[in-house]
Amino acid sequence: MDEQNKRTHEIPPQNGQVLPNQLPGYSYFATCARGVEPLLAQELWDLGIKHIELGLGGVHFYGPLECLYYANLGARTAIRVLLPLMEFDIRHQDDLYEAVYHYSWEDHMTADHTLAVDCNLRDSVYSHSQYALLRVKDAICDRFREKTGRRPSIDREWPMIAINLHMNRNHVVVSLDTSWESLHKRGYRPIQPRAPLNEALAAAILLRADYQGQMPLYDPMCGAATLPIEAAWIATNRAPGLTRKWFAFQGWLHHDIGMFAKVRNELRAKVRNKLEHPVVAADERGDAMHLGTEAAKLAGVSNQIEFRVESLGKGRPPEGPPGWVMCNAPYGVRIGTTEVLRETYKRLGGLVAGPWKGWSLALFTATPELARETGLAFDQSWSYPNGALRCHLYLWGPHVPLLDASQQRQMRQSVQADSPKGQWQKLGQNERHFFDWPIHRPPPTGKILKDRQRGFLGRDRPRRPG
């Protein structure tokens with residue numbers, strides 16, 4: 001692992017910039033929902049990771065194993081953290097087997113390690129992800145059988161070595177998955193609700209509203225209480241990975257147990273015991289409230305969230321200054337119908353414009369038509385995928401954070417990304433380059449080199465679709 005993951009860069013340093021290949025460490029890729037990349041980059045910066053590179057659907061960062069531990073334990077908006085090993089193009093199905101077979105897997109594992117492979121593919125010579133991942137698994141096992149006479153066992157639940165295979169238009173990236181189970185699974189959901197909000201996406205909604213616990217928060221349609229629980233964790237500075245039982249990197253040959261314990265203890269020491277301002281979770285349905293309270297118990301914040309069974313518009317504001325009314329309202333897709341929900345959205349808009357004057361509204365919905373029923377002229381609109389749905393986050397009120405020119409461009413790009421053309425425009429403007437976040441540097445004019453034999457060193461700008 002020591003030499004196969006180093007990056008090289010043919011662009012000389014500018015303004016004192018330190019290039020990644022001059023530092024000891026590895027390059028990683030933390031995945032996230034499209035449009036969340038700047039929020040994840042800021043999270044990594046706040047965790048002490050300084051060499052960051054915006055990507056599409058994630059953030060590249062560079063550093064020692066300590067950075068990997070911080071990212072897995074502390075990044076709220078990340079889905080998983082990958083350590084890319086190989087990057088290459090294929091023309092035939094057998095090319096994948098040959099490339100994986102000839103990689104030096106013995107640098108990362110032994111025949112005694114358990115193994116699992118996950119696959120994402122699109123528009124490639126392989127049409128079925130299960131067949132592609134079986135070819136990767138066979139290549140690794142065959143290499144060990146030839147060299148040692150033994151082969152690794154397969155363990156899909158708790159693998160010691162987890163492999164991620166990403167294939168798009170026959171371009172392949174093979175990575176070590178350092179997380180394995182998605183990081184959005186915090187472990188506090190007793191059962192899966194009917195229309196769940198992804199925990200990492202809930203954290204992104206809060207961070208996009210610049211919520212840090214500095215004001216009250218009220219969710220009038222809390223459901224399983226994902227937003228209030230994530231808000232309580234942010235307000236108390238509780239890292240989302242502290243209660244997690246297993247990360248895939250814990251099975252690595254190079255896992256530093258002492259360093260991991262140091263990072264985990266450091267994050268635990270930063271947790272605050274109580275909220276500065278109240279977090280209130282309300283819902284008119286008692287069964288939803290029961291689900292939310294059970295989740296809050298598992299999350300360790302049941303004594304920090306005030307739960308109310310009350311209808312929309314019937315409750316009183318929490319104590320303290322005005323803050324955020326924030327909700328993942330029904331979309332009229334999985335719950336309710338558009339016609340029935342029109343009145344609900346009207347009442348939501350009337351709440352912050354009338355009795356709760358001075359409060360701000362953060363509305364997350366997949367139905368812009370219903371958002372217009374609030375009667376509010378929203379200050380900001382962001383677009384994020386939520387499963388198969390394209391959803392929108394609407395922000396309105398005095399607490400909406402001001403955006404600089406770069407953030408305004410990011411907001412426009414998130415909306416443009418709804419179309420294939422918009423996705424390409426966003427891809428082109430996010431030319432990959434290292435920088436010290438948040439100091440923006442001009443993108444490099446040369447190429448980032450890659451070495452297909454020695455491992456992942458970067459990639460050229462992706463080719464334009466079509």
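Values as computed for the structure displayed
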item: Count of the range 127-167 residues which are out of contact with any Leu (no Cβ under 9 Å at 6 or more places or on another chain), in a helix (DSSP H, G or I) and surrounded by 15 or more Cβ atoms within 10 Å (Cβ to Cβ); result: 3
item: Residues satisfying the stated conditions in the range 275-302, i.e. closer than 16 Å to PRO317 by Cα and outside any loop (DSSP other than H, G, I, E, B); result: VAL279, VAL280, ALA281, ALA282, ASP283
item: The range 49-79 - residue that is part of a loop (DSSP other than H, G, I, E, B) and modelled with pLDDT of 95 or more and, of those, surrounded by the most Cβ atoms within 10 Å (Cβ to Cβ); result: THR77
item: Residue satisfying condition, being among the charged types (D, E, K, R), buried (at least 18 other Cβ atoms within 10 Å of the Cβ) and at pLDDT below 95, within set ASP283, ASP287; result: ASP283
item: Per-region count, the range 378-406, residues in contact with a helix residue (DSSP H, G or I) (Cβ under 7 Å, 6 or more places away or on another chain) and either basic (Lys, Arg) or surrounded by fewer than 14 Cβ atoms within 10 Å (Cβ to Cβ) (or both); result: 1
item: Matching residues, the range 393-415, being modelled with pLDDT under 95 and closer than 16 Å to ALA33 by Cβ; result: GLN410, MET411, GLN413, SER414, VAL415
item: Single match in VAL352, VAL340 (criterion: among the aliphatic types (A, V, I, L, M), over 24 Å from GLY387 (Cβ atoms), outside any loop (DSSP other than H, G, I, E, B) and modelled with pLDDT under 95); result: VAL352
item: Of the criteria (1) modelled with pLDDT of 95 or more; (2) assigned by TED's automatic domain parsing to the domain that holds ALA288, which one MET221 fails; result: (1)
item: Residue match in the range 355-363 (condition: buried (at least 21 other Cβ atoms within 10 Å of the Cβ), over 11 Å from VAL325 (Cβ atoms) and among the hydrophobic types (A, V, I, L, M, F, W, C)); result: no
item: Boolean, GLY375 is without any contact (Cβ under 8 Å) to a residue 60 or more places away in the chain and out of contact with any helix residue (DSSP H, G or I) (no Cβ under 8 Å at 6 or more places or on another chain); result: no
item: Any hit, the range 242-263, residues being crowded, with 24+ Cβ neighbours inside 10 Å, assigned by TED's automatic domain parsing to the domain that holds ASP107, of a type in the set (Gly, Ala, Ser) and not in a loop (DSSP other than H, G, I, E, B); result: yes
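The values are calculated or read from the model by the stated rules, or taken from the named source; none is laboratory data. Given the structure is predicted, the values throughout are model-derived calculations rather than measurements. Using ideal geometry, Cβ is built from the backbone for each residue, glycine included, and neighbour counts are taken over all protein chains shown.
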